[in-house]
Amino acid sequence: MKDSASDPTNDIASEYLQREIKDQQLLALLLEKFLGRKDRILVQKTEMGGTEAYVGSVTLEWFAGRVHFASGLPLLQKKYNPETDNIEIDADTIDEIQQRPLDWSRQAPLVQYLAARKNHKFPPVLVVINQPWVDNPKAAEWDSQGRATKSTTEFTPLDKDDKVGLLNLSEENVTIYALDGQHRLMGVQGLMELIKTGKLQRYKKDKTAYETFITLADLVEQYRVEPAYLQSLPKEKIGIEFICAVAAGETREEARRRVRSIFVHVNLMAAPLSKGQLAQLNEDDGFSIVARKIAVNHPLLEQQETRKPRVNWNSATVAANSTVLTTLQALKEMSERYLGQKYSHWKPLDKGLIPMRPEDEELYEGIQEFHKLFDSLATLPSYKLLEDEGTPALRRFSFEKDGGEGNMLFRPVGQVALAQALGILVFKKGLSSADIFKKLQKFDRSGGFSGMEYPQSLWYGILYDPNKKRVQVAGRDLAAKLLIYILGGIQDQMERAELRKDLAKARTVENKTIGFDGKFVEPKQVGLPSVL
(Lines give C-alpha, C1' and ligand atoms only; values in the text may rest on other atoms or scores of the structure.)
Protein backbone atom coordinates (compact mmCIF):
# COMPACT_ATOMS: atom_id res chain seq x y z
CA MET A 1 0.00 0.00 0.00
CA LYS A 2 1.43 3.43 -0.95
CA ASP A 3 2.30 5.98 1.70
CA SER A 4 0.01 8.96 1.06
CA ALA A 5 2.65 11.33 2.47
CA SER A 6 4.99 10.52 -0.42
CA ASP A 7 2.26 10.47 -3.08
CA PRO A 8 3.34 12.89 -5.91
CA THR A 9 -0.32 13.73 -6.60
CA ASN A 10 -0.83 14.96 -3.05
CA ASP A 11 2.37 17.00 -3.25
CA ILE A 12 1.21 18.73 -6.44
CA ALA A 13 -2.25 19.45 -4.96
CA SER A 14 -0.68 20.86 -1.78
CA GLU A 15 1.72 23.03 -3.77
CA TYR A 16 -1.14 24.31 -5.94
CA LEU A 17 -3.22 25.12 -2.87
CA GLN A 18 -0.36 27.01 -1.24
CA ARG A 19 0.26 28.98 -4.43
CA GLU A 20 -3.44 29.90 -4.61
CA ILE A 21 -3.38 31.10 -1.01
CA LYS A 22 -0.32 33.23 -1.75
CA ASP A 23 -1.99 34.66 -4.84
CA GLN A 24 -5.05 35.60 -2.78
CA GLN A 25 -2.84 37.23 -0.15
CA LEU A 26 -0.98 39.17 -2.85
CA LEU A 27 -4.26 40.29 -4.42
CA ALA A 28 -5.52 41.40 -1.01
CA LEU A 29 -2.35 43.46 -0.47
CA LEU A 30 -2.64 45.07 -3.92
CA LEU A 31 -6.31 45.90 -3.42
CA GLU A 32 -5.59 47.32 0.02
CA LYS A 33 -2.91 49.52 -1.53
CA PHE A 34 -5.12 50.79 -4.34
CA LEU A 35 -8.37 50.98 -2.39
CA GLY A 36 -6.77 52.70 0.56
CA ARG A 37 -7.31 55.94 -1.33
CA LYS A 38 -10.84 57.33 -0.97
CA ASP A 39 -10.91 58.51 -4.57
CA ARG A 40 -10.70 55.02 -6.10
CA ILE A 41 -13.48 52.43 -6.27
CA LEU A 42 -13.21 48.82 -7.36
CA VAL A 43 -15.65 48.29 -10.25
CA GLN A 44 -16.59 45.87 -13.00
CA LYS A 45 -16.86 47.21 -16.52
CA THR A 46 -20.06 46.46 -18.45
CA GLU A 47 -21.55 47.51 -21.79
CA MET A 48 -25.16 47.74 -22.91
CA GLY A 49 -26.70 49.60 -25.81
CA GLY A 50 -23.32 51.01 -26.80
CA THR A 51 -22.80 52.66 -23.39
CA GLU A 52 -19.93 51.56 -21.19
CA ALA A 53 -20.66 51.49 -17.47
CA TYR A 54 -18.81 50.65 -14.27
CA VAL A 55 -20.59 48.79 -11.48
CA GLY A 56 -19.47 48.96 -7.85
CA SER A 57 -20.66 49.92 -4.38
CA VAL A 58 -20.20 52.89 -2.06
CA THR A 59 -21.14 53.70 1.52
CA LEU A 60 -24.33 55.63 2.16
CA GLU A 61 -22.20 58.40 3.64
CA TRP A 62 -20.14 58.66 0.44
CA PHE A 63 -23.27 58.51 -1.72
CA ALA A 64 -24.93 61.35 0.20
CA GLY A 65 -21.84 63.54 0.14
CA ARG A 66 -20.51 63.02 -3.37
CA VAL A 67 -23.58 62.58 -5.59
CA HIS A 68 -25.75 65.50 -6.77
CA PHE A 69 -29.22 65.66 -8.30
CA ALA A 70 -29.53 65.35 -12.09
CA SER A 71 -30.96 68.85 -12.45
CA GLY A 72 -27.51 70.21 -11.52
CA LEU A 73 -25.73 68.51 -14.42
CA PRO A 74 -24.72 71.29 -16.85
CA LEU A 75 -24.98 68.87 -19.76
CA LEU A 76 -28.71 68.62 -19.16
CA GLN A 77 -29.21 72.33 -18.64
CA LYS A 78 -27.17 74.03 -21.28
CA LYS A 79 -25.66 73.44 -24.69
CA TYR A 80 -22.75 74.95 -26.49
CA ASN A 81 -23.36 76.83 -29.72
CA PRO A 82 -20.17 76.54 -31.81
CA GLU A 83 -21.27 79.44 -34.01
CA THR A 84 -21.40 81.96 -31.19
CA ASP A 85 -18.98 80.38 -28.71
CA ASN A 86 -21.71 80.92 -26.12
CA ILE A 87 -23.51 78.60 -23.74
CA GLU A 88 -27.23 78.68 -24.56
CA ILE A 89 -30.20 77.48 -22.56
CA ASP A 90 -31.76 74.37 -24.10
CA ALA A 91 -35.49 74.82 -23.48
CA ASP A 92 -36.27 71.24 -24.52
CA THR A 93 -33.82 69.84 -22.01
CA ILE A 94 -35.08 72.05 -19.21
CA ASP A 95 -38.65 70.95 -19.94
CA GLU A 96 -37.73 67.29 -19.81
CA ILE A 97 -36.05 67.73 -16.45
CA GLN A 98 -38.93 69.75 -15.06
CA GLN A 99 -41.50 67.16 -16.10
CA ARG A 100 -40.23 64.92 -13.30
CA PRO A 101 -39.51 67.28 -10.40
CA LEU A 102 -38.27 65.92 -7.11
CA ASP A 103 -41.04 65.25 -4.63
CA TRP A 104 -39.61 66.42 -1.31
CA SER A 105 -42.60 65.12 0.63
CA ARG A 106 -41.08 61.66 0.07
CA GLN A 107 -37.89 62.41 1.99
CA ALA A 108 -39.25 61.91 5.50
CA PRO A 109 -40.88 58.49 4.75
CA LEU A 110 -37.69 57.32 3.00
CA VAL A 111 -35.54 58.38 5.94
CA GLN A 112 -37.89 56.70 8.36
CA TYR A 113 -37.78 53.52 6.23
CA LEU A 114 -33.98 53.41 6.31
CA ALA A 115 -33.79 54.15 10.02
CA ALA A 116 -36.65 52.01 11.33
CA ARG A 117 -36.59 48.95 9.05
CA LYS A 118 -33.79 46.52 9.92
CA ASN A 119 -34.25 44.73 6.57
CA HIS A 120 -34.30 47.89 4.45
CA LYS A 121 -32.93 47.76 0.90
CA PHE A 122 -32.46 50.30 -1.86
CA PRO A 123 -31.75 49.06 -5.41
CA PRO A 124 -28.57 50.27 -7.15
CA VAL A 125 -28.46 53.81 -8.51
CA LEU A 126 -27.27 55.06 -11.89
CA VAL A 127 -24.96 58.09 -11.90
CA VAL A 128 -23.04 60.10 -14.48
CA ILE A 129 -19.44 61.29 -14.07
CA ASN A 130 -18.71 64.81 -15.23
CA GLN A 131 -15.45 66.78 -15.41
CA PRO A 132 -14.90 70.57 -15.61
CA TRP A 133 -13.52 70.49 -19.16
CA VAL A 134 -16.89 69.22 -20.51
CA ASP A 135 -18.39 72.68 -20.07
CA ASN A 136 -15.38 74.57 -21.44
CA PRO A 137 -15.54 74.53 -25.27
CA LYS A 138 -11.92 75.72 -25.46
CA ALA A 139 -10.54 73.00 -23.18
CA ALA A 140 -7.64 70.91 -24.55
CA GLU A 141 -9.80 67.78 -24.26
CA TRP A 142 -11.85 68.91 -27.31
CA ASP A 143 -10.16 68.49 -30.72
CA SER A 144 -10.51 70.81 -33.68
CA GLN A 145 -13.67 68.99 -34.77
CA GLY A 146 -15.30 69.52 -31.39
CA ARG A 147 -14.89 65.87 -30.41
CA ALA A 148 -13.67 64.68 -27.03
CA THR A 149 -10.17 63.19 -27.00
CA LYS A 150 -10.88 61.32 -23.75
CA SER A 151 -13.77 60.12 -21.61
CA THR A 152 -14.86 61.72 -18.34
CA THR A 153 -14.37 58.31 -16.70
CA GLU A 154 -10.81 57.30 -15.77
CA PHE A 155 -10.65 53.52 -15.47
CA THR A 156 -7.52 51.56 -14.54
CA PRO A 157 -7.94 47.86 -15.46
CA LEU A 158 -6.54 45.17 -13.16
CA ASP A 159 -7.05 42.23 -15.51
CA LYS A 160 -5.95 41.37 -19.04
CA ASP A 161 -9.52 41.69 -20.41
CA ASP A 162 -10.01 45.21 -19.00
CA LYS A 163 -13.18 44.10 -17.21
CA VAL A 164 -12.24 44.68 -13.56
CA GLY A 165 -10.40 47.68 -12.26
CA LEU A 166 -10.36 50.95 -10.39
CA LEU A 167 -12.42 54.04 -11.18
CA ASN A 168 -10.79 57.37 -10.36
CA LEU A 169 -13.28 59.60 -8.57
CA SER A 170 -11.00 62.31 -7.25
CA GLU A 171 -13.03 65.24 -5.91
CA GLU A 172 -10.67 67.68 -7.63
CA ASN A 173 -11.54 66.40 -11.09
CA VAL A 174 -14.91 64.72 -10.88
CA THR A 175 -18.51 65.67 -10.07
CA ILE A 176 -21.19 62.99 -9.99
CA TYR A 177 -24.93 63.29 -10.69
CA ALA A 178 -27.76 60.80 -10.13
CA LEU A 179 -29.70 59.92 -13.29
CA ASP A 180 -31.75 57.13 -11.72
CA GLY A 181 -32.19 57.12 -7.95
CA GLN A 182 -32.71 60.80 -7.15
CA HIS A 183 -35.30 60.08 -4.47
CA ARG A 184 -33.01 57.42 -3.01
CA LEU A 185 -30.32 60.09 -2.87
CA MET A 186 -32.79 62.45 -1.20
CA GLY A 187 -33.60 59.81 1.39
CA VAL A 188 -29.96 58.98 2.15
CA GLN A 189 -29.03 62.66 2.41
CA GLY A 190 -31.90 63.14 4.84
CA LEU A 191 -30.72 60.17 6.88
CA MET A 192 -27.20 61.62 7.12
CA GLU A 193 -28.62 64.97 8.24
CA LEU A 194 -30.83 63.28 10.84
CA ILE A 195 -27.90 61.31 12.27
CA LYS A 196 -25.60 64.33 12.25
CA THR A 197 -27.96 66.96 13.69
CA GLY A 198 -30.54 64.83 15.52
CA LYS A 199 -33.46 66.18 13.47
CA LEU A 200 -34.75 66.47 9.92
CA GLN A 201 -37.01 69.16 8.49
CA ARG A 202 -40.20 67.92 6.83
CA TYR A 203 -41.09 69.31 3.40
CA LYS A 204 -44.04 69.59 1.05
CA LYS A 205 -43.61 68.38 -2.54
CA ASP A 206 -42.06 71.64 -3.70
CA LYS A 207 -39.68 71.73 -0.68
CA THR A 208 -41.77 74.25 1.21
CA ALA A 209 -40.92 73.55 4.84
CA TYR A 210 -43.45 72.33 7.38
CA GLU A 211 -43.15 73.42 10.98
CA THR A 212 -42.55 69.83 12.07
CA PHE A 213 -39.39 67.73 12.24
CA ILE A 214 -38.40 64.07 12.48
CA THR A 215 -36.07 63.62 15.46
CA LEU A 216 -33.74 60.79 16.44
CA ALA A 217 -35.49 60.67 19.80
CA ASP A 218 -38.84 60.04 18.05
CA LEU A 219 -37.41 57.15 16.04
CA VAL A 220 -35.80 55.59 19.11
CA GLU A 221 -39.06 55.88 21.06
CA GLN A 222 -41.56 54.92 18.36
CA TYR A 223 -39.63 52.15 16.59
CA ARG A 224 -37.38 50.97 19.43
CA VAL A 225 -34.20 51.32 17.39
CA GLU A 226 -30.91 51.58 19.23
CA PRO A 227 -28.86 54.80 18.86
CA ALA A 228 -25.75 52.69 18.15
CA TYR A 229 -27.57 51.02 15.25
CA LEU A 230 -28.48 54.40 13.75
CA GLN A 231 -24.87 55.51 13.98
CA SER A 232 -23.80 52.42 11.99
CA LEU A 233 -26.03 53.20 9.00
CA PRO A 234 -23.65 55.61 7.20
CA LYS A 235 -21.22 52.71 6.67
CA GLU A 236 -23.80 50.54 4.91
CA LYS A 237 -23.23 50.14 1.17
CA ILE A 238 -25.44 50.72 -1.84
CA GLY A 239 -24.90 49.45 -5.37
CA ILE A 240 -23.91 52.10 -7.89
CA GLU A 241 -23.40 52.18 -11.67
CA PHE A 242 -21.29 54.91 -13.28
CA ILE A 243 -21.49 56.17 -16.85
CA CYS A 244 -19.55 58.99 -18.48
CA ALA A 245 -20.94 62.41 -19.25
CA VAL A 246 -18.85 62.46 -22.41
CA ALA A 247 -17.21 59.48 -24.13
CA ALA A 248 -14.06 59.73 -26.25
CA GLY A 249 -14.98 60.67 -29.82
CA GLU A 250 -18.31 62.30 -28.93
CA THR A 251 -19.24 65.90 -29.55
CA ARG A 252 -20.81 67.72 -26.64
CA GLU A 253 -24.19 67.65 -28.40
CA GLU A 254 -23.98 63.89 -29.00
CA ALA A 255 -23.06 63.34 -25.36
CA ARG A 256 -25.91 65.57 -24.22
CA ARG A 257 -28.43 63.62 -26.30
CA ARG A 258 -27.16 60.28 -25.02
CA VAL A 259 -27.23 61.30 -21.35
CA ARG A 260 -30.59 63.03 -21.70
CA SER A 261 -32.05 59.96 -23.43
CA ILE A 262 -30.82 57.67 -20.64
CA PHE A 263 -32.21 60.04 -18.01
CA VAL A 264 -35.64 60.14 -19.62
CA HIS A 265 -35.85 56.41 -20.31
CA VAL A 266 -34.77 55.16 -16.89
CA ASN A 267 -37.55 57.32 -15.45
CA LEU A 268 -40.14 56.19 -18.00
CA MET A 269 -39.26 52.53 -17.50
CA ALA A 270 -39.60 52.80 -13.71
CA ALA A 271 -43.33 52.00 -13.61
CA PRO A 272 -44.65 52.34 -10.05
CA LEU A 273 -46.49 49.47 -8.38
CA SER A 274 -50.26 49.70 -8.43
CA LYS A 275 -52.11 49.91 -5.12
CA GLY A 276 -53.22 46.33 -5.65
CA GLN A 277 -49.64 45.18 -6.19
CA LEU A 278 -48.54 47.02 -3.05
CA ALA A 279 -51.27 45.29 -1.08
CA GLN A 280 -50.03 41.96 -2.45
CA LEU A 281 -46.45 42.56 -1.34
CA ASN A 282 -46.71 44.65 1.83
CA GLU A 283 -45.48 42.67 4.85
CA ASP A 284 -45.52 45.60 7.28
CA ASP A 285 -49.07 46.92 6.91
CA GLY A 286 -51.42 44.84 9.07
CA PHE A 287 -54.49 45.75 7.02
CA SER A 288 -52.84 44.51 3.80
CA ILE A 289 -51.84 41.23 5.46
CA VAL A 290 -55.40 40.65 6.74
CA ALA A 291 -56.88 41.48 3.32
CA ARG A 292 -54.62 38.93 1.59
CA LYS A 293 -55.54 36.20 4.08
CA ILE A 294 -59.27 36.76 3.61
CA ALA A 295 -58.97 36.96 -0.19
CA VAL A 296 -57.26 33.56 -0.24
CA ASN A 297 -59.08 31.70 2.54
CA HIS A 298 -62.67 32.93 2.92
CA PRO A 299 -65.29 30.82 1.08
CA LEU A 300 -66.95 33.92 -0.37
CA LEU A 301 -63.69 34.97 -2.08
CA GLU A 302 -61.31 32.01 -2.34
CA GLN A 303 -60.37 30.52 -5.68
CA GLN A 304 -62.39 27.42 -6.51
CA GLU A 305 -62.20 25.19 -9.57
CA THR A 306 -65.96 25.32 -10.13
CA ARG A 307 -66.20 29.11 -10.44
CA LYS A 308 -64.40 32.11 -11.89
CA PRO A 309 -62.05 34.17 -9.68
CA ARG A 310 -63.79 36.61 -7.37
CA VAL A 311 -60.83 38.87 -6.60
CA ASN A 312 -58.97 41.19 -8.98
CA TRP A 313 -55.44 41.19 -7.59
CA ASN A 314 -54.04 44.20 -9.46
CA SER A 315 -56.62 46.78 -10.49
CA ALA A 316 -58.36 49.10 -8.03
CA THR A 317 -61.60 49.10 -10.05
CA VAL A 318 -64.09 46.54 -11.33
CA ALA A 319 -65.49 46.87 -14.84
CA ALA A 320 -69.26 46.57 -15.35
CA ASN A 321 -68.86 43.21 -17.14
CA SER A 322 -66.13 41.79 -14.90
CA THR A 323 -66.91 38.48 -13.23
CA VAL A 324 -64.94 39.28 -10.04
CA LEU A 325 -66.71 40.40 -6.89
CA THR A 326 -64.10 42.81 -5.57
CA THR A 327 -60.43 43.83 -5.71
CA LEU A 328 -57.53 43.27 -3.34
CA GLN A 329 -57.22 47.04 -3.01
CA ALA A 330 -60.88 47.28 -1.93
CA LEU A 331 -60.35 44.46 0.57
CA LYS A 332 -57.37 46.33 1.99
CA GLU A 333 -59.47 49.48 2.36
CA MET A 334 -62.31 47.49 3.91
CA SER A 335 -59.84 45.98 6.36
CA GLU A 336 -58.44 49.40 7.22
CA ARG A 337 -61.85 51.06 7.68
CA TYR A 338 -63.34 48.14 9.62
CA LEU A 339 -60.45 46.90 11.77
CA GLY A 340 -58.99 50.40 12.03
CA GLN A 341 -61.80 51.21 14.47
CA LYS A 342 -60.40 48.56 16.83
CA TYR A 343 -56.70 48.54 15.94
CA SER A 344 -56.07 52.23 15.32
CA HIS A 345 -52.44 51.76 16.36
CA TRP A 346 -51.87 49.67 13.23
CA LYS A 347 -51.82 52.97 11.37
CA PRO A 348 -48.61 55.03 11.60
CA LEU A 349 -48.81 57.92 14.06
CA ASP A 350 -47.84 60.35 11.33
CA LYS A 351 -49.33 60.39 7.83
CA GLY A 352 -46.81 59.32 5.22
CA LEU A 353 -44.75 57.19 7.57
CA ILE A 354 -44.43 53.45 7.24
CA PRO A 355 -46.61 51.29 9.53
CA MET A 356 -45.05 48.80 11.90
CA ARG A 357 -46.07 45.16 11.45
CA PRO A 358 -48.49 44.18 14.25
CA GLU A 359 -47.52 41.48 16.73
CA ASP A 360 -48.41 37.98 15.44
CA GLU A 361 -51.02 37.37 18.15
CA GLU A 362 -52.84 40.62 17.42
CA LEU A 363 -52.56 40.02 13.67
CA TYR A 364 -54.23 36.63 14.15
CA GLU A 365 -57.04 38.29 16.13
CA GLY A 366 -57.52 40.83 13.34
CA ILE A 367 -57.75 38.07 10.73
CA GLN A 368 -60.39 36.31 12.81
CA GLU A 369 -62.41 39.53 13.22
CA PHE A 370 -62.32 40.21 9.47
CA HIS A 371 -63.22 36.60 8.72
CA LYS A 372 -66.30 36.96 10.95
CA LEU A 373 -67.29 40.08 9.01
CA PHE A 374 -67.21 38.14 5.74
CA ASP A 375 -69.13 35.27 7.33
CA SER A 376 -71.85 37.82 8.06
CA LEU A 377 -71.64 39.49 4.65
CA ALA A 378 -72.12 36.09 3.03
CA THR A 379 -75.57 35.88 4.69
CA LEU A 380 -76.86 38.90 2.75
CA PRO A 381 -79.44 37.89 0.10
CA SER A 382 -77.51 39.71 -2.65
CA TYR A 383 -74.36 37.67 -2.04
CA LYS A 384 -76.35 34.44 -1.82
CA LEU A 385 -77.39 35.07 -5.43
CA LEU A 386 -73.76 34.77 -6.52
CA GLU A 387 -73.98 31.03 -7.06
CA ASP A 388 -76.88 31.41 -9.50
CA GLU A 389 -76.21 34.79 -11.11
CA GLY A 390 -72.88 36.21 -12.23
CA THR A 391 -71.62 39.44 -10.73
CA PRO A 392 -72.05 41.45 -13.98
CA ALA A 393 -75.85 41.07 -13.89
CA LEU A 394 -75.93 42.23 -10.29
CA ARG A 395 -73.46 45.08 -10.83
CA ARG A 396 -74.54 46.66 -14.13
CA PHE A 397 -76.96 49.56 -14.23
CA SER A 398 -80.31 49.00 -15.91
CA PHE A 399 -79.43 51.23 -18.87
CA GLU A 400 -76.19 49.39 -19.68
CA LYS A 401 -76.00 46.62 -22.26
CA ASP A 402 -77.90 43.52 -21.08
CA GLY A 403 -79.08 45.50 -18.03
CA GLY A 404 -78.57 44.73 -14.38
CA GLU A 405 -79.57 45.42 -10.79
CA GLY A 406 -77.17 48.30 -10.08
CA ASN A 407 -76.37 46.76 -6.69
CA MET A 408 -73.89 48.74 -4.58
CA LEU A 409 -72.65 45.56 -2.87
CA PHE A 410 -70.98 44.62 -6.14
CA ARG A 411 -69.06 47.87 -6.41
CA PRO A 412 -65.79 48.33 -4.44
CA VAL A 413 -66.89 51.79 -3.27
CA GLY A 414 -70.10 50.34 -1.81
CA GLN A 415 -68.22 47.49 -0.13
CA VAL A 416 -65.76 49.90 1.49
CA ALA A 417 -68.55 52.23 2.68
CA LEU A 418 -70.38 49.31 4.27
CA ALA A 419 -67.22 48.05 6.01
CA GLN A 420 -66.52 51.54 7.32
CA ALA A 421 -70.04 51.86 8.75
CA LEU A 422 -69.93 48.40 10.33
CA GLY A 423 -66.55 49.07 11.94
CA ILE A 424 -67.91 52.20 13.64
CA LEU A 425 -71.14 50.51 14.70
CA VAL A 426 -69.47 47.40 16.14
CA PHE A 427 -66.25 48.78 17.65
CA LYS A 428 -67.19 52.38 18.46
CA LYS A 429 -70.96 52.26 19.08
CA GLY A 430 -70.96 48.78 20.63
CA LEU A 431 -73.89 47.45 18.59
CA SER A 432 -74.39 43.72 18.16
CA SER A 433 -73.15 42.38 14.83
CA ALA A 434 -75.97 39.80 14.81
CA ASP A 435 -78.63 42.51 15.25
CA ILE A 436 -77.02 44.69 12.59
CA PHE A 437 -77.06 41.91 9.98
CA LYS A 438 -80.67 41.00 10.71
CA LYS A 439 -81.55 44.58 9.75
CA LEU A 440 -79.23 44.52 6.70
CA GLN A 441 -80.75 41.25 5.47
CA LYS A 442 -84.24 42.79 5.64
CA PHE A 443 -82.96 45.99 3.95
CA ASP A 444 -81.32 43.92 1.20
CA ARG A 445 -84.46 41.80 0.60
CA SER A 446 -86.46 44.99 0.10
CA GLY A 447 -84.02 46.12 -2.61
CA GLY A 448 -82.23 48.66 -0.44
CA PHE A 449 -78.84 48.04 -2.04
CA SER A 450 -80.10 47.77 -5.62
CA GLY A 451 -81.23 50.26 -8.27
CA MET A 452 -78.64 52.90 -7.44
CA GLU A 453 -79.46 54.73 -10.66
CA TYR A 454 -83.08 55.41 -9.65
CA PRO A 455 -84.14 58.47 -7.57
CA GLN A 456 -85.96 56.11 -5.18
CA SER A 457 -82.59 54.72 -4.11
CA LEU A 458 -80.89 56.07 -0.99
CA TRP A 459 -77.59 55.94 -2.94
CA TYR A 460 -78.77 58.14 -5.82
CA GLY A 461 -76.53 61.20 -6.00
CA ILE A 462 -74.24 59.69 -3.37
CA LEU A 463 -72.64 56.57 -4.83
CA TYR A 464 -74.31 57.14 -8.22
CA ASP A 465 -73.74 60.32 -10.20
CA PRO A 466 -76.98 61.03 -12.12
CA ASN A 467 -75.26 63.66 -14.25
CA LYS A 468 -72.39 61.47 -15.49
CA LYS A 469 -74.36 58.24 -15.07
CA ARG A 470 -71.62 56.39 -13.27
CA VAL A 471 -70.42 55.43 -9.80
CA GLN A 472 -68.77 58.21 -7.81
CA VAL A 473 -66.18 57.44 -5.14
CA ALA A 474 -66.50 60.87 -3.53
CA GLY A 475 -69.77 59.85 -1.85
CA ARG A 476 -68.26 56.96 0.08
CA ASP A 477 -68.04 58.67 3.48
CA LEU A 478 -71.60 60.04 3.21
CA ALA A 479 -72.84 56.56 2.26
CA ALA A 480 -71.11 55.17 5.39
CA LYS A 481 -72.84 57.83 7.56
CA LEU A 482 -76.24 56.98 6.06
CA LEU A 483 -75.67 53.30 6.77
CA ILE A 484 -74.76 54.13 10.37
CA TYR A 485 -77.94 56.21 10.61
CA ILE A 486 -80.39 53.65 9.19
CA LEU A 487 -78.86 50.99 11.46
CA GLY A 488 -79.57 53.11 14.54
CA GLY A 489 -76.10 54.48 15.18
CA ILE A 490 -76.90 58.22 15.10
CA GLN A 491 -79.12 59.53 17.90
CA ASP A 492 -77.94 63.14 18.21
CA GLN A 493 -80.50 65.52 16.63
CA MET A 494 -77.88 68.03 15.45
CA GLU A 495 -75.92 65.25 13.78
CA ARG A 496 -79.09 64.02 12.09
CA ALA A 497 -79.89 67.54 10.86
CA GLU A 498 -76.41 67.87 9.32
CA LEU A 499 -76.78 64.47 7.68
CA ARG A 500 -80.13 65.49 6.15
CA LYS A 501 -78.51 68.64 4.69
CA ASP A 502 -75.66 66.60 3.23
CA LEU A 503 -78.16 64.16 1.71
CA ALA A 504 -80.17 67.00 0.10
CA LYS A 505 -76.95 68.55 -1.24
CA ALA A 506 -75.86 65.25 -2.77
CA ARG A 507 -79.20 64.93 -4.54
CA THR A 508 -78.93 68.45 -6.00
CA VAL A 509 -77.83 68.55 -9.64
CA GLU A 510 -77.39 71.89 -11.41
CA ASN A 511 -79.26 73.68 -8.58
CA LYS A 512 -82.21 71.28 -8.83
CA THR A 513 -82.88 68.93 -5.92
CA ILE A 514 -84.36 65.55 -6.78
CA GLY A 515 -86.72 63.96 -4.27
CA PHE A 516 -87.15 60.23 -3.70
CA ASP A 517 -90.17 60.28 -6.03
CA GLY A 518 -88.00 61.58 -8.88
CA LYS A 519 -89.58 65.06 -8.85
CA PHE A 520 -87.82 68.36 -8.26
CA VAL A 521 -88.29 69.60 -4.69
CA GLU A 522 -86.91 72.18 -2.33
CA PRO A 523 -83.74 70.94 -0.55
CA LYS A 524 -85.47 71.11 2.85
CA GLN A 525 -88.14 68.73 1.55
CA VAL A 526 -85.59 65.91 1.28
CA GLY A 527 -85.90 63.93 4.48
CA LEU A 528 -83.90 61.14 6.02
CA PRO A 529 -85.18 57.58 5.47
CA SER A 530 -86.63 55.55 8.31
CA VAL A 531 -84.31 53.83 10.76
CA LEU A 532 -84.33 50.07 10.23
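The values are calculated or read from the model by the stated rules, or taken from the named source; none is laboratory data. On a predicted model such as this, the values are computed, not experimentally measured, just so you know. Note that each Cβ is placed from the backbone with ideal geometry, even for glycine, and that neighbours are counted across all protein chains shown.
Matching residues to (1) at pLDDT below 95; (2) among the aromatic types (Phe, Trp, Tyr); (3) closer than 30 Å to residue 120 by Cα:
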residue	(1), (2), (3)
359	yes, no, yes
372	no, no, no
375	no, no, no
396	yes, no, no
399	yes, yes, no
404	yes, no, no
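Residue check: is residue 228 more than 20 Å from residue 65 (Cα to Cα), out of contact with any Pro (no Cβ under 6 Å at 6 or more places or on another chain) and small (Gly, Ala, Ser)? Spelling it out, residue 228 is indeed more than 20 Å from residue 65 (Cα to Cα), out of contact with any Pro (no Cβ under 6 Å at 6 or more places or on another chain) and small (Gly, Ala, Ser). Considering only the range 502-528, state which residues are surrounded by 13 or more Cβ atoms within 10 Å (Cβ to Cβ) and under 42 Å from the mean Cα position of the chain (by Cα). The answer is 502, 503, 504, 505, 506, 507, 508, 509, 513, 514, 528. The set of residues from the range 126-174 being among the charged types (D, E, K, R), touching a Lys or Arg at 6+ places or on another chain (Cβ under 7 Å) and more than 21 Å from residue 75 (Cα to Cα) comprises 162, 163.
Residues checked against (1) closer than 30 Å to residue 319 by Cβ; (2) among the aromatic types (Phe, Trp, Tyr); (3) touching a strand residue (DSSP E or B) at 6+ places or on another chain (Cβ under 8 Å):
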| residue | (1), (2), (3) |
| --- | --- |
| 445 | yes, no, no |
| 467 | yes, no, yes |
| 471 | yes, no, yes |
| 479 | yes, no, no |
| 492 | no, no, no |
| 495 | no, no, no |
| 522 | no, no, yes |
| 531 | no, no, no |
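Criterion applied to 509, 526 was being farther than 25 Å from residue 440 by Cβ and at pLDDT below 95, and the one residue passing it is 509.
Within the range 432-441, restricting attention to residues that are closer than 18 Å to residue 481 by Cα and either in contact with a strand residue (DSSP E or B) (Cβ under 8 Å, 6 or more places away or on another chain) or among the hydrophobic types (A, V, I, L, M, F, W, C) (or both), the residue that is surrounded by the most Cβ atoms within 10 Å (Cβ to Cβ) is 440. Considering the range 211-246, the residues that are at pLDDT below 90 and acidic (Asp, Glu) include one that is surrounded by the most Cβ atoms within 10 Å (Cβ to Cβ), namely 218.
Scanning the range 326-356 for residues that are closer than 26 Å to residue 104 by Cα and loosely packed, with under 14 Cβ neighbours inside 10 Å, we see that the one that is modelled with the highest pLDDT is 349. For the range 141-173: of the residues being part of a strand (DSSP E or B) and of a type in the set (A, V, I, L, M, F, W, C), which is nearest to residue 45 (Cα to Cα)? Applying the filter and picking the extreme gives 164. Would you check if residue 499 is under 25 Å from residue 385 (Cβ atoms), in the same structural domain as residue 436 (by TED's automatic domain parsing) and outside any loop (DSSP other than H, G, I, E, B)? Answer is no for this residue.
Taking (1) under 16 Å from residue 256 (Cα atoms); (2) crowded, with 21+ Cβ neighbours inside 10 Å in turn, residue 150 satisfies each apart from (2). For first residues located in the range 282-306 and over 15 Å from residue 366 (Cβ atoms) and in the same structural domain as residue 365 (by TED's automatic domain parsing), partners that are of a type in the set (Ser, Thr, Tyr) and part of a helix (DSSP H, G or I) and lie 6+ apart or on another chain with Cβ distances below 9 Å form the pairs 300/383.
Quick grid of which residues meet (1) out of contact with any His (no Cβ under 7 Å at 6 or more places or on another chain); (2) surrounded by 21 or more Cβ atoms within 10 Å (Cβ to Cβ); (3) not in a loop (DSSP other than H, G, I, E, B):
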position: 368; (1), (2), (3): yes, no, yes
position: 389; (1), (2), (3): yes, no, no
position: 393; (1), (2), (3): yes, no, yes
position: 399; (1), (2), (3): yes, no, no
position: 403; (1), (2), (3): yes, no, no
position: 416; (1), (2), (3): yes, yes, yes
position: 430; (1), (2), (3): yes, no, no
position: 443; (1), (2), (3): yes, no, yes
position: 450; (1), (2), (3): yes, yes, no
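Per the conditions (1) surrounded by fewer than 12 Cβ atoms within 10 Å (Cβ to Cβ); (2) more than 38 Å from the chain's Cα centre (by Cα); (3) touching a residue at least 40 places away in the same chain (Cβ under 8 Å), the sole criterion not satisfied by residue 488 is (1).
Only residues that are of a type in the set (Asp, Glu) and over 18 Å from residue 483 (Cβ atoms) were counted across the range 496-521, and they come to 2.
Where helices (runs of 4 or more DSSP H) sit wholly within the range 174-273, those with at least 1 residues that are under 20 Å from the mean Cα position of the chain (by Cα) and under 29 Å from residue 129 (Cβ atoms) occupy 182-197, 252-269. The set of residues in the range 456-482 that are under 21 Å from residue 531 (Cβ atoms), of a type outside the set (A, V, I, L, M, F, W, C) and not in a helix (DSSP H, G or I) comprises 456, 457, 460, 461. Quick one: is residue 517 in a loop (DSSP other than H, G, I, E, B) and in contact (Cβ under 8 Å) with a residue 60 or more places away in the chain? It is true that residue 517 is in a loop (DSSP other than H, G, I, E, B) and in contact (Cβ under 8 Å) with a residue 60 or more places away in the chain. Are there any pairs with C-beta distances below 9 angstrom linking a residue in the range 131-142 that is over 18 Å from residue 167 (Cβ atoms) to a residue that is charged (D, E, K, R) and exposed (fewer than 13 other Cβ atoms within 10 Å of the Cβ), with the two at least 6 apart or on different chains, and if so which? From residues that are over 18 Å from residue 167 (Cβ atoms), the pairs are 137/85; 138/85.
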